Amino acid sequence: MAAINKELNERYKESAKEIAEILKSKYPEIIGVSISGSVSKDMADEYSDLDIDIWLSREGYKKWTENCPLKDDFKRYGINSESPVCHTFIKDKIKYDTVLFSVEDIKNQDWRIEQKERRTNSIILIDTNKTVENLLQEKTKFELSSNFINKENDLHLNEDFHRWLISVYIDYFPKVALKRGQLEQAHHDLDIAFSSVLNYMYFKNNSFHTEHKSKWTYAEKFMSKELKNVLKEAKLVKEYSTEDIKRRINLLNKCCKLLNLEKVRFKDPNPEAKTFDL
């Protein structure tokens, strides 16, 4: 299993500072840059991504989502656009995940408990007039009376959301778990992928089912006989082994093909550690 160590976390933070300075000098419209995810919690290991949040005005956000300048300026690092707001690249053997935010839009959003938790310990690298600091303090405030929005309620949003969610839990998270030697976590990630495929079927059929109870039963009306059989096999955990995880990944990929779902491609978080393609 990969080791979490202080030196590695400090290296990630120093690398993030360098990227933040490049971003701010190159793009003066950026309001702020911060780190979230495992690095901000000092829990990064050799397979962790470096999550960089880029804060823009609403106008800047609109321009960047329509034509992100990072795609050209960071081309030499093999930048990959996973969605209009998320762009990844590898520099000095570190995988960077950059996410774009509109300050004005975030102010008006109700954050889910998952969003609050993820950015509670954000490390702010660049901040114009403490805009990001004040915003994060407000958005990550935890109150028992908070009206948290369950992540399930986001599943009706759009095709890109489903494509990303299914892809990341088939082709990224379980493979990282395998590299870490976490067989149980890999199977758990594939369970989420399985559930997300069901949600995708609801979405494609203009339906919505928020409860876990009876989700499979209600989804059966959207399944062909072949898809149902493949899904049943994909759901089954036969043993805690790399081979069984590969089997489930292949079956879930077959489900995606049967559903004509084009998956998002992800970069290996550590190309030199082990092969990422299973």
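The values are calculated or read from the model by the stated rules, or taken from the named source; none is laboratory data. Note that the structure is a prediction, hence the values are computed from the model and not measured. In this analysis, Cβ positions are derived from the backbone assuming ideal geometry, glycine residues included, and neighbour counts consider all displayed protein chains.
May I ask you to verify whether Ile30 is touching a helix residue (DSSP H, G or I) at 6+ places or on another chain (Cβ under 9 Å), under 19 Å from Val103 (Cα atoms) and in a strand (DSSP E or B)? Taking the combined requirement at face value, the residue does not satisfy it. Within segment 91-119, being surrounded by fewer than 16 Cβ atoms within 10 Å (Cβ to Cβ) and in a loop (DSSP other than H, G, I, E, B) holds for Asp92, Lys93, Asn108, Gln109, Asp110.
Yes or no, residue by residue, for (1) over 21 Å from the mean Cα position of the chain (by Cα); (2) of a type outside the set (A, V, I, L, M); (3) crowded, with 21+ Cβ neighbours inside 10 Å:
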site	(1), (2), (3)
Glu7	yes, yes, no
Tyr27	yes, yes, no
Ile35	no, no, yes
Ser40	no, yes, yes
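Within this structure, Lys254 passes the test of being within 23 Å of the chain's Cα centre (by Cα) and at pLDDT 90 or above.
Of all the criteria given as (1) touching an Asp or Glu at 6+ places or on another chain (Cβ under 9 Å); (2) in a loop (DSSP other than H, G, I, E, B), the one not satisfied by Asn199 is (2).
Scanning segment 236-268 for residues that are in contact with an Asp or Glu (Cβ under 6 Å, 6 or more places away or on another chain) and either in the same structural domain as Val168 (by TED's automatic domain parsing) or of a type in the set (Ser, Thr, Tyr) (or both) yields Lys238, Leu251.
Does Ile126 count as within 26 Å of Pro28 (Cβ to Cβ), at pLDDT 95 or above and buried (at least 16 other Cβ atoms within 10 Å of the Cβ)? Taking the combined requirement at face value, the residue satisfies it. Taking segment 164-185 as the search range and keeping residues that are under 27 Å from Ser224 (Cα atoms), in contact with a Ser or Thr (Cβ under 9 Å, 6 or more places away or on another chain) and not β-branched (Val, Ile, Thr), which one is surrounded by the fewest Cβ atoms within 10 Å (Cβ to Cβ)? By that ranking, first place goes to Trp164.
For segment 59-80, check the following and say yes or no: at least one residue is of a type in the set (Val, Ile, Thr) and surrounded by fewer than 16 Cβ atoms within 10 Å (Cβ to Cβ). Yes, segment 59-80 contains at least one residue that is of a type in the set (Val, Ile, Thr) and surrounded by fewer than 16 Cβ atoms within 10 Å (Cβ to Cβ). Annotation: of all residues in segment 213-235 being touching a helix residue (DSSP H, G or I) at 6+ places or on another chain (Cβ under 8 Å) and either outside any helix (DSSP H, G or I) or not assigned by TED's automatic domain parsing to the domain that holds Leu183 (or both), the one that is farthest from His187 (Cα to Cα) is Ser224. When Ser15, Ser48, Ser38 are screened for being free of Cβ contacts under 8 Å to residues at least 60 places away in the same chain, of a type in the set (Ser, Thr, Tyr) and in the same structural domain as Lys139 (by TED's automatic domain parsing), only Ser38 passes.
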